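So the structure is just underneath, and the comments pick up after that.
The values are calculated or read from the model by the stated rules, or taken from the named source; none is laboratory data. Please read all numbers here as calculations on a predicted model, not as lab measurements. Here the Cβ is made from the backbone with ideal geometry for all residues, glycine too, and neighbour counts use every protein chain on show.
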(Lines give C-alpha, C1' and ligand atoms only; values in the text may rest on other atoms or scores of the structure.)
Protein backbone atom coordinates (compact mmCIF):
# COMPACT_ATOMS: atom_id res chain seq x y z
CA UNK A 1 0.00 0.00 0.00
CA UNK A 2 1.33 3.41 -0.98
CA UNK A 3 0.65 6.15 1.55
CA UNK A 4 0.81 9.95 1.11
CA UNK A 5 0.82 12.30 4.09
CA UNK A 6 -0.18 15.95 3.55
CA UNK A 7 0.45 18.88 5.91
CA UNK A 8 -0.45 22.52 5.23
CA UNK A 9 3.11 23.76 5.80
CA UNK A 10 6.20 22.77 7.78
CA UNK A 11 7.87 26.06 8.64
CA UNK A 12 7.63 26.17 12.45
CA UNK A 13 6.82 23.59 15.10
CA UNK A 14 3.43 23.88 16.76
CA UNK A 15 0.58 21.61 17.75
CA UNK A 16 -0.40 20.50 14.23
CA UNK A 17 3.24 19.82 13.29
CA UNK A 18 3.69 17.61 16.36
CA UNK A 19 0.54 15.70 15.42
CA UNK A 20 1.90 15.28 11.90
CA UNK A 21 5.21 14.00 13.27
CA UNK A 22 3.43 11.16 15.06
CA UNK A 23 1.33 10.35 11.99
CA UNK A 24 4.56 10.08 10.00
CA UNK A 25 5.96 7.72 12.67
CA UNK A 26 2.98 5.41 12.06
CA UNK A 27 3.74 5.34 8.31
CA UNK A 28 7.54 5.66 8.05
CA UNK A 29 7.60 4.68 4.36
CA UNK A 30 5.04 7.31 3.35
CA UNK A 31 5.80 10.28 1.11
CA UNK A 32 5.20 13.76 2.53
CA UNK A 33 3.55 16.68 0.72
CA UNK A 34 3.42 20.25 2.03
CA UNK A 35 3.02 23.74 0.58
CA UNK A 36 6.21 25.16 2.12
CA UNK A 37 8.95 23.68 4.30
CA UNK A 38 12.06 24.88 6.11
CA UNK A 39 15.06 22.57 6.39
CA UNK A 40 15.52 23.17 10.12
CA UNK A 41 11.86 22.33 10.79
CA UNK A 42 12.07 19.10 8.80
CA UNK A 43 15.17 18.15 10.78
CA UNK A 44 13.53 18.87 14.15
CA UNK A 45 10.51 16.79 13.14
CA UNK A 46 12.71 13.89 12.05
CA UNK A 47 11.67 14.24 8.40
CA UNK A 48 15.13 14.91 6.97
CA UNK A 49 15.39 11.46 5.38
CA UNK A 50 11.83 11.39 4.05
CA UNK A 51 10.76 12.19 0.54
CA UNK A 52 9.19 15.64 1.03
CA UNK A 53 7.57 17.38 -1.92
CA UNK A 54 6.74 21.09 -1.67
CA UNK A 55 4.54 23.23 -3.91
CA UNK A 56 5.45 26.05 -6.29
CA UNK A 57 4.92 28.47 -3.38
CA UNK A 58 8.24 27.25 -1.98
CA UNK A 59 9.99 28.99 -4.89
CA UNK A 60 8.19 32.33 -4.56
CA UNK A 61 9.98 35.34 -2.98
CA UNK A 62 10.24 35.23 0.85
CA UNK A 63 7.89 32.23 0.90
CA UNK A 64 9.56 30.46 3.84
CA UNK A 65 8.70 33.35 6.16
CA UNK A 66 5.91 35.23 4.37
CA UNK A 67 4.01 32.24 3.00
CA UNK A 68 0.70 33.48 4.44
CA UNK A 69 0.89 36.39 1.98
CA UNK A 70 0.24 33.85 -0.76
CA UNK A 71 -3.05 32.68 0.78
CA UNK A 72 -5.06 33.21 -2.46
CA UNK A 73 -2.72 30.74 -4.19
CA UNK A 74 -2.99 27.99 -1.56
CA UNK A 75 -5.96 26.13 -3.15
CA UNK A 76 -4.24 26.05 -6.55
CA UNK A 77 -0.94 24.98 -4.98
CA UNK A 78 -2.35 22.05 -3.02
CA UNK A 79 -4.23 20.81 -6.10
CA UNK A 80 -0.94 20.57 -8.02
CA UNK A 81 0.21 17.58 -5.96
CA UNK A 82 -0.18 14.40 -8.03
CA UNK A 83 -1.41 11.78 -5.57
CA UNK A 84 -2.94 9.48 -8.18
CA UNK A 85 -0.43 6.70 -7.43
CA UNK A 86 -1.33 6.41 -3.73
CA UNK A 87 -3.84 4.11 -2.05
CA UNK A 88 -4.20 5.98 1.25
CA UNK A 89 -3.96 9.74 1.81
CA UNK A 90 -3.91 11.22 5.31
CA UNK A 91 -4.05 14.99 5.53
CA UNK A 92 -3.35 17.03 8.65
CA UNK A 93 -5.28 20.19 7.92
CA UNK A 94 -6.15 23.55 9.46
CA UNK A 95 -6.08 25.35 6.10
CA UNK A 96 -5.94 23.64 2.70
CA UNK A 97 -4.23 20.24 3.08
CA UNK A 98 -7.57 18.44 2.95
CA UNK A 99 -8.12 19.89 -0.56
CA UNK A 100 -5.71 17.58 -2.41
CA UNK A 101 -7.26 15.95 -5.45
CA UNK A 102 -8.26 12.30 -4.93
CA UNK A 103 -10.16 9.65 -6.88
CA UNK A 104 -12.76 6.98 -6.12
CA UNK A 105 -10.16 4.24 -5.70
CA UNK A 106 -8.37 6.05 -2.89
CA UNK A 107 -9.14 6.53 0.79
CA UNK A 108 -8.61 10.06 2.12
CA UNK A 109 -8.65 10.55 5.90
CA UNK A 110 -8.39 14.11 7.17
CA UNK A 111 -7.24 14.91 10.70
CA UNK A 112 -8.85 18.33 10.98
CA UNK A 113 -7.38 20.73 13.53
CA UNK A 114 -10.01 23.29 12.54
CA UNK A 115 -11.91 24.52 9.50
CA UNK A 116 -9.94 27.46 8.09
CA UNK A 117 -10.48 29.98 10.88
CA UNK A 118 -9.66 33.20 9.01
CA UNK A 119 -12.09 32.26 6.25
CA UNK A 120 -14.97 31.31 8.55
CA UNK A 121 -15.58 32.27 12.20
CA UNK A 122 -12.59 34.63 12.51
CA UNK A 123 -13.18 36.24 9.11
CA UNK A 124 -14.16 39.71 10.37
CA UNK A 125 -11.54 39.72 13.15
CA UNK A 126 -8.84 38.74 10.64
CA UNK A 127 -9.84 41.60 8.32
CA UNK A 128 -9.91 44.14 11.17
CA UNK A 129 -6.54 43.13 12.59
CA UNK A 130 -5.01 43.19 9.10
CA UNK A 131 -6.48 46.64 8.39
CA UNK A 132 -8.44 45.15 5.50
CA UNK A 133 -11.98 45.83 6.67
CA UNK A 134 -12.55 48.90 4.50
CA UNK A 135 -11.55 50.56 1.26
CA UNK A 136 -10.56 48.95 -2.02
CA UNK A 137 -8.03 46.61 -0.39
CA UNK A 138 -10.71 45.55 2.05
CA UNK A 139 -13.15 44.80 -0.75
CA UNK A 140 -10.56 42.70 -2.57
CA UNK A 141 -9.65 40.84 0.63
CA UNK A 142 -13.32 40.08 1.34
CA UNK A 143 -13.81 38.86 -2.22
CA UNK A 144 -10.76 36.58 -2.01
CA UNK A 145 -11.91 35.13 1.30
CA UNK A 146 -15.35 34.55 -0.22
CA UNK A 147 -13.69 32.58 -3.03
CA UNK A 148 -11.62 30.61 -0.53
CA UNK A 149 -14.72 29.75 1.52
CA UNK A 150 -16.41 28.41 -1.60
CA UNK A 151 -13.36 26.29 -2.46
CA UNK A 152 -12.96 25.18 1.15
CA UNK A 153 -16.52 23.88 1.31
CA UNK A 154 -16.37 22.16 -2.09
CA UNK A 155 -13.04 20.50 -1.23
CA UNK A 156 -14.61 18.63 1.71
CA UNK A 157 -16.05 16.23 -0.88
CA UNK A 158 -12.50 15.00 -1.46
CA UNK A 159 -12.35 13.65 2.10
CA UNK A 160 -13.80 10.22 2.88
CA UNK A 161 -13.45 10.36 6.67
CA UNK A 162 -12.93 13.31 9.01
CA UNK A 163 -11.19 13.13 12.38
CA UNK A 164 -11.66 16.14 14.67
CA UNK A 165 -9.10 17.08 17.31
CA UNK A 166 -11.88 17.75 19.87
CA UNK A 167 -15.65 17.62 20.26
CA UNK A 168 -15.57 21.40 19.88
CA UNK A 169 -14.00 21.10 16.43
CA UNK A 170 -16.35 18.22 15.54
CA UNK A 171 -19.24 20.67 16.07
CA UNK A 172 -17.53 23.24 13.85
CA UNK A 173 -16.90 20.65 11.12
CA UNK A 174 -20.60 19.78 11.22
CA UNK A 175 -21.61 23.46 11.19
CA UNK A 176 -19.26 24.60 8.41
CA UNK A 177 -18.90 21.49 6.25
CA UNK A 178 -22.05 19.53 7.11
CA UNK A 179 -19.90 16.45 7.78
CA UNK A 180 -19.72 14.06 10.71
CA UNK A 181 -16.36 13.30 12.29
CA UNK A 182 -14.75 11.06 14.88
CA UNK A 183 -12.80 12.66 17.73
CA UNK A 184 -9.19 11.73 18.46
CA UNK A 185 -7.48 14.17 20.80
CA UNK A 186 -4.03 15.35 19.68
CA UNK A 187 -0.87 13.94 21.19
CA UNK A 188 0.64 15.65 24.21
CA UNK A 189 4.14 14.63 25.32
CA UNK A 190 3.00 14.01 28.90
CA UNK A 191 6.04 11.80 29.47
CA UNK A 192 8.26 14.90 29.16
CA UNK A 193 6.65 16.57 32.20
CA UNK A 194 6.63 15.80 35.89
CA UNK A 195 5.47 17.52 39.10
CA UNK A 196 8.06 19.63 40.90
CA UNK A 197 9.35 18.59 44.32
CA UNK A 198 8.78 22.12 45.63
CA UNK A 199 6.12 24.61 44.58
CA UNK A 200 6.69 28.30 44.02
CA UNK A 201 4.35 31.08 45.09
CA UNK A 202 3.34 32.26 41.63
CA UNK A 203 0.87 31.76 38.81
CA UNK A 204 2.07 31.24 35.24
CA UNK A 205 0.75 31.68 31.71
CA UNK A 206 2.46 30.86 28.46
CA UNK A 207 1.50 31.66 24.89
CA UNK A 208 2.36 33.34 21.66
CA UNK A 209 1.44 37.01 22.05
CA UNK A 210 -1.39 37.33 19.54
CA UNK A 211 -4.81 38.93 20.17
CA UNK A 212 -7.00 35.84 20.54
CA UNK A 213 -4.75 34.40 23.28
CA UNK A 214 -5.94 37.25 25.57
CA UNK A 215 -2.64 37.55 27.45
CA UNK A 216 -3.43 41.25 27.90
CA UNK A 217 -6.53 40.38 29.95
CA UNK A 218 -4.56 38.08 32.24
CA UNK A 219 -1.91 40.74 32.83
CA UNK A 220 -4.55 43.40 33.50
CA UNK A 221 -6.30 41.09 35.95
CA UNK A 222 -3.12 40.48 37.94
CA UNK A 223 -2.40 44.23 37.94
CA UNK A 224 -5.49 44.46 40.16
CA UNK A 225 -4.24 41.66 42.44
CA UNK A 226 -0.89 43.06 43.69
CA UNK A 227 -0.55 40.30 46.30
CA UNK A 228 -0.32 37.61 43.59
CA UNK A 229 2.70 37.03 41.36
CA UNK A 230 2.36 36.20 37.65
CA UNK A 231 5.05 34.87 35.30
CA UNK A 232 4.35 35.31 31.59
CA UNK A 233 6.27 33.15 29.11
CA UNK A 234 6.32 33.70 25.34
CA UNK A 235 6.70 36.39 22.71
CA UNK A 236 4.97 37.61 19.57
CA UNK A 237 3.46 40.68 17.89
CA UNK A 238 1.61 41.89 21.01
CA UNK A 239 4.61 41.71 23.36
CA UNK A 240 5.12 45.51 23.58
CA UNK A 241 1.41 46.12 24.06
CA UNK A 242 1.22 43.60 26.91
CA UNK A 243 4.44 44.79 28.54
CA UNK A 244 2.92 48.27 28.95
CA UNK A 245 0.08 46.74 30.99
CA UNK A 246 2.34 44.85 33.40
CA UNK A 247 2.98 46.14 36.93
CA UNK A 248 5.44 45.10 39.64
CA UNK A 249 3.86 41.70 40.41
CA UNK A 250 4.04 40.53 36.78
CA UNK A 251 7.27 39.31 35.15
CA UNK A 252 7.43 38.96 31.36
CA UNK A 253 10.08 36.32 30.71
CA UNK A 254 9.84 36.27 26.91
CA UNK A 255 10.75 33.12 25.02
CA UNK A 256 12.10 30.30 27.19
CA UNK A 257 13.75 27.01 26.30
CA UNK A 258 11.70 23.86 26.80
CA UNK A 259 13.63 22.88 29.94
CA UNK A 260 13.06 26.29 31.52
CA UNK A 261 9.40 26.24 30.51
CA UNK A 262 8.99 22.89 32.26
CA UNK A 263 10.71 24.18 35.38
CA UNK A 264 8.52 27.28 35.62
CA UNK A 265 5.36 25.34 34.78
CA UNK A 266 5.86 22.47 37.21
CA UNK A 267 6.53 24.75 40.19
CA UNK A 268 3.55 27.06 39.61
CA UNK A 269 0.48 27.31 41.84
CA UNK A 270 -1.74 27.27 38.74
CA UNK A 271 -1.65 27.82 34.98
CA UNK A 272 -3.89 30.63 33.70
CA UNK A 273 -5.40 30.18 30.24
CA UNK A 274 -7.76 32.76 28.69
CA UNK A 275 -7.92 31.71 25.02
CA UNK A 276 -10.74 29.96 23.20
CA UNK A 277 -8.71 27.17 21.64
CA UNK A 278 -9.63 24.30 19.36
CA UNK A 279 -8.01 21.97 21.89
CA UNK A 280 -5.09 23.63 23.72
CA UNK A 281 -1.87 21.71 24.37
CA UNK A 282 -0.45 23.89 27.17
CA UNK A 283 -3.28 23.28 29.67
CA UNK A 284 -2.64 19.54 29.31
CA UNK A 285 1.12 20.04 29.71
CA UNK A 286 0.42 21.99 32.91
CA UNK A 287 -1.76 19.16 34.19
CA UNK A 288 1.01 16.69 33.30
CA UNK A 289 3.07 18.66 35.85
CA UNK A 290 0.32 18.15 38.42
CA UNK A 291 -0.57 21.85 38.13
CA UNK A 292 -4.24 22.98 38.20
CA UNK A 293 -5.56 25.15 35.35
CA UNK A 294 -7.62 28.33 35.59
CA UNK A 295 -9.23 28.41 32.13
CA UNK A 296 -11.79 30.20 30.00
CA UNK A 297 -14.75 27.82 29.95
CA UNK A 298 -15.16 27.47 26.22
CA UNK A 299 -13.57 25.48 23.41
CA UNK A 300 -11.16 22.61 23.95
CA UNK A 301 -10.40 23.48 27.58
CA UNK A 302 -13.83 22.14 28.53
CA UNK A 303 -12.65 18.74 27.32
CA UNK A 304 -9.15 18.71 28.82
CA UNK A 305 -9.85 20.29 32.23
CA UNK A 306 -12.16 18.72 34.82
CA UNK A 307 -13.78 21.43 36.95
CA UNK A 308 -12.82 21.32 40.64
CA UNK A 309 -10.64 18.24 40.02
CA UNK A 310 -7.93 19.49 37.65
CA UNK A 311 -8.87 23.17 37.48
CA UNK A 312 -11.54 25.88 37.53
CA UNK A 313 -13.29 27.83 34.77
CA UNK A 314 -14.35 31.42 34.22
CA UNK A 315 -17.33 32.20 31.97
CA UNK A 316 -16.28 35.36 30.13
CA UNK A 317 -13.04 36.70 28.67
CA UNK A 318 -13.02 39.71 30.98
CA UNK A 319 -10.71 41.05 33.68
CA UNK A 320 -13.35 40.74 36.47
CA UNK A 321 -14.04 37.10 35.53
CA UNK A 322 -10.35 36.21 35.62
CA UNK A 323 -9.94 37.94 39.00
CA UNK A 324 -12.95 36.07 40.41
CA UNK A 325 -11.61 32.74 39.10
CA UNK A 326 -8.15 33.29 40.62
CA UNK A 327 -9.69 34.24 43.97
CA UNK A 328 -11.98 31.20 43.85
CA UNK A 329 -9.00 28.97 43.05
CA UNK A 330 -7.09 30.41 46.01
CA UNK A 331 -9.96 29.49 48.32
CA UNK A 332 -10.01 25.82 47.20
CA UNK A 333 -6.44 25.18 46.05
CA UNK A 334 -5.84 22.79 48.96
CA UNK A 335 -8.41 20.40 47.43
CA UNK A 336 -6.39 19.75 44.26
CA UNK A 337 -4.35 16.54 44.16
CA UNK A 338 -1.25 16.78 41.91
CA UNK A 339 -1.21 12.98 41.44
CA UNK A 340 -4.83 12.90 40.23
CA UNK A 341 -4.18 15.89 37.95
CA UNK A 342 -1.15 14.13 36.45
CA UNK A 343 -3.12 10.90 35.93
CA UNK A 344 -5.84 12.80 34.08
CA UNK A 345 -3.25 14.39 31.75
CA UNK A 346 -1.91 10.95 30.82
CA UNK A 347 -5.19 10.22 29.03
CA UNK A 348 -3.92 12.61 26.31
CA UNK A 349 -0.54 10.90 25.84
CA UNK A 350 1.30 10.31 22.58
CA UNK A 351 0.92 6.55 22.95
CA UNK A 352 -2.85 6.88 23.25
CA UNK A 353 -2.98 9.12 20.16
CA UNK A 354 -0.95 6.73 18.00
CA UNK A 355 -2.99 3.70 19.07
CA UNK A 356 -6.30 5.44 18.31
CA UNK A 357 -5.07 6.78 14.96
CA UNK A 358 -3.82 3.39 13.83
CA UNK A 359 -7.03 1.68 14.93
CA UNK A 360 -9.12 4.28 13.07
CA UNK A 361 -7.12 3.94 9.84
CA UNK A 362 -7.19 0.13 9.97
CA UNK A 363 -10.96 0.09 10.53
CA UNK A 364 -11.54 2.35 7.49
CA UNK A 365 -9.27 0.25 5.32
CA UNK A 366 -11.24 -2.90 6.27
CA UNK A 367 -14.50 -1.18 5.36
CA UNK A 368 -13.30 -0.12 1.91
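Before moving on, here are some points about what is shown:
- Test: residue in the stretch 295-311 that is in contact with a strand residue (DSSP E or B) (Cβ under 8 Å, 6 or more places away or on another chain) and under 17 Å from residue 196 (Cβ atoms): yes
- Test: residue 53 is at pLDDT 95 or above, surrounded by fewer than 19 Cβ atoms within 10 Å (Cβ to Cβ) and farther than 18 Å from residue 88 by Cβ: no
- Only residues that are assigned to a loop (DSSP other than H, G, I, E, B) and surrounded by fewer than 16 Cβ atoms within 10 Å (Cβ to Cβ) were counted across the stretch 300-316, and they come to 5.
To keep it simple, each residue is scored yes or no on (1) touching a residue at least 40 places away in the same chain (Cβ under 8 Å); (2) under 19 Å from the mean Cα position of the chain (by Cα); (3) farther than 19 Å from residue 221 by Cα; (4) in the same structural domain as residue 285 (by TED's automatic domain parsing).
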residue: 304; (1), (2), (3), (4): yes, yes, yes, yes
residue: 307; (1), (2), (3), (4): no, no, yes, yes
residue: 312; (1), (2), (3), (4): no, no, no, yes
residue: 315; (1), (2), (3), (4): no, no, no, yes
residue: 318; (1), (2), (3), (4): yes, no, no, yes
residue: 324; (1), (2), (3), (4): no, no, no, yes
residue: 329; (1), (2), (3), (4): yes, no, no, yes
residue: 335; (1), (2), (3), (4): no, no, yes, yes
residue: 353; (1), (2), (3), (4): yes, yes, yes, no
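- Strands (runs of 3 or more DSSP E) (entirely within the stretch 204-278) containing at least 1 residues that are closer than 24 Å to residue 117 by Cβ and without any contact (Cβ under 8 Å) to a residue 24 or more places away in the chain: none
- Restricted to the stretch 94-105, and to residues there that are in contact with a strand residue (DSSP E or B) (Cβ under 6 Å, 6 or more places away or on another chain) and outside any helix (DSSP H, G or I), the residue that is surrounded by the most Cβ atoms within 10 Å (Cβ to Cβ) is 100.
- All positions within the stretch 287-298 that are touching a residue at least 40 places away in the same chain (Cβ under 8 Å) and under 18 Å from residue 344 (Cα atoms): 287, 288, 289, 290, 291, 292, 294
- Among the residues of the stretch 17-59, those identified as under 20 Å from residue 77 (Cβ atoms) and free of Cβ contacts under 8 Å to residues at least 24 places away in the same chain are 39, 51, 54, 57, 58, 59.
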